[in-house]
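The values are calculated or read from the model by the stated rules, or taken from the named source; none is laboratory data. In this text the structure is predicted, and so the values were computed from the model without any measurement. Please note: Cβ atoms are built from the backbone with ideal geometry, for glycine as well, and neighbour counts cover all protein chains shown.
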Amino acid sequence: MTPPEPGESANPFQFLLGDLMGMLGSSAPDQWQMTASFAHNVATGGSSEPNVEPVQRIQLEQLSRAAELSVVEATGLPVTADGRRLTCTAVTRGDWTLRVLEAWRPVLTAMAPAAGPVPAPAPTDDPSLEPSSGEDPLGGLGALIGQWASAIGPLFFGLQIGSVIGHLSHRALGQYSLALPWPLSDELLVVTGNITSFADDWSLPEEEALLWICAHQLAVNTVLTRPALRERLTELLVEIAGSAAAAQQGLASRLGRLGLADDPGSGVDLEQLQGMLGDPEELLSGLLTPEVQRTSDQLTSLAVVIDAYADHIAGQVGERMVGSHAQIAEAWYRRRIERGKGEEAAGALFGLDLDQTQVDRGRSFLSGVIERAGESGLAPLWSGARYLPTPAEVDAPGLWLERISMPELDEPSGG
């Protein structure tokens, strides 16, 4: 768009959008690389991190092997999909950040809004308000708003992802800060520096805290490599990603039309634009559809049961191998219900509600099953698709036990 000549009326907002579009068009940054760089910077504070000490790596190797044997005994399941043992790898926050971004990349990229065409003007029955061919009734500003929204959407989403994952690295103790599947591997990541801080914060023996957390992470890996659960979680994440992409695209479209006055010939309603940008509820209204909420409820219900199960297994291992197991379990629970902003934002990104009510809900399900059926009642939990609890059954473990005890009707009976 050509700048106005001296003496012509000029809208500074129009200049700003033009400059932004010029910068985005000339730079054309790689979106994923930008996301990864930003996330790494948030994780490290922009400073280089010291490597994990060799003595910590050796200690982790020894403790994780002992923890793995105990987890296999407690669950009756292999810790990997193919039955091979895991290698626990000590990583820094920055390393963890880059690795988790790659692990979650398929879902995250599916969530991102695609840069699309400029939204078309809303149709009108009044021919006098229809712009003539090739003309912008706002003197170019309407088209710029649409182009800006289309271009800035993916860029902003990438920065949002980078911020969320970078902050999450400050709280991550291991690979599974969220109970979400990773690509199948014989490696399990452990953030030893954060575990040291966790032990110091709660005055716990560092070696015992490391063993307890290894057991917890190994238990999560055991569960998330079960085919039926893995397939179900992947289905739900695909649904969440599709809904999130549609929501992001809808938001970009709304931003593209934002500020257009009712009368296209009267210019841009900057007051409306400022009001909506300053009111997140107004801007995001209607994006959380009932379908998205149902998917979120299903994903959350499975996630809290997975976490509760891993807590239970780690507790069993701790009772046998960790002198301070009761203190560690209590510190872990307190830490979980006092989630940091990185965990809350990351959970929300995937449609996970992980507040204290949900944490206690998962634990109540586990304790309810054990009270009614003993430890053996947990055995079927991850053995097939029909054994996965529904959201209603998570709130009523007796219903789950009753349902799974009934014979499965695969084929109609009769002669």
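Couple of notes before you dig in:
- Single match in 351, 323, 342 (criterion: within 25 Å of residue 227 (Cβ to Cβ), modelled with pLDDT under 95 and not polar (S, T, N, Q)): 351
- Some residue of the range 380-393 being charged (D, E, K, R), at pLDDT 95 or above, surrounded by fewer than 17 Cβ atoms within 10 Å (Cβ to Cβ) and out of contact with any Asp or Glu (no Cβ under 7 Å at 6 or more places or on another chain): no
- Looking only at residues of the range 46-68 that are in contact with a Ser or Thr (Cβ under 6 Å, 6 or more places away or on another chain) and part of a loop (DSSP other than H, G, I, E, B), we find that the one that is farthest from residue 325 (Cα to Cα) is 49.
Per-residue answers, yes or no, for (1) under 20 Å from the mean Cα position of the chain (by Cα); (2) surrounded by 16 or more Cβ atoms within 10 Å (Cβ to Cβ); (3) of a type in the set (Lys, Arg); (4) modelled with pLDDT of 95 or more:
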| site | (1), (2), (3), (4) |
| --- | --- |
| 199 | no, yes, no, yes |
| 205 | no, no, no, yes |
| 208 | no, yes, no, yes |
| 217 | yes, yes, no, yes |
| 224 | yes, yes, no, yes |
| 245 | yes, yes, no, no |
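- Every listed requirement among (1) of a type outside the set (A, V, I, L, M, F, W, C); (2) buried (at least 17 other Cβ atoms within 10 Å of the Cβ); (3) under 19 Å from residue 210 (Cβ atoms) is met by residue 57 save one, (2).
- Of 71, 42, all but one fail to be crowded, with 18+ Cβ neighbours inside 10 Å, touching a Leu at 6+ places or on another chain (Cβ under 8 Å), assigned to a helix (DSSP H, G or I) and modelled with pLDDT of 90 or more; the exception is 71.
- The residues of the range 344-356 that are assigned to a helix (DSSP H, G or I) and either charged (D, E, K, R) or more than 22 Å from residue 367 (Cβ to Cβ) (or both), listed by number, are 344, 345, 346, 347, 348, 349.
- Residue list for the range 297-343, filter: part of a loop (DSSP other than H, G, I, E, B) and more than 15 Å from residue 201 (Cβ to Cβ): 322, 323
- Tabulated pairs, the range 57-80, first closer than 10 Å to residue 218 by Cβ, second of a type in the set (S, T, N, Q) and part of a loop (DSSP other than H, G, I, E, B), C-beta under 8 angstrom, 6+ apart or interchain: 79/225; 80/225
- Within the span defined as the range 91-108, every residue fails to be polar (S, T, N, Q), modelled with pLDDT under 95, within 26 Å of the chain's Cα centre (by Cα) and within 30 Å of residue 36 (Cα to Cα).
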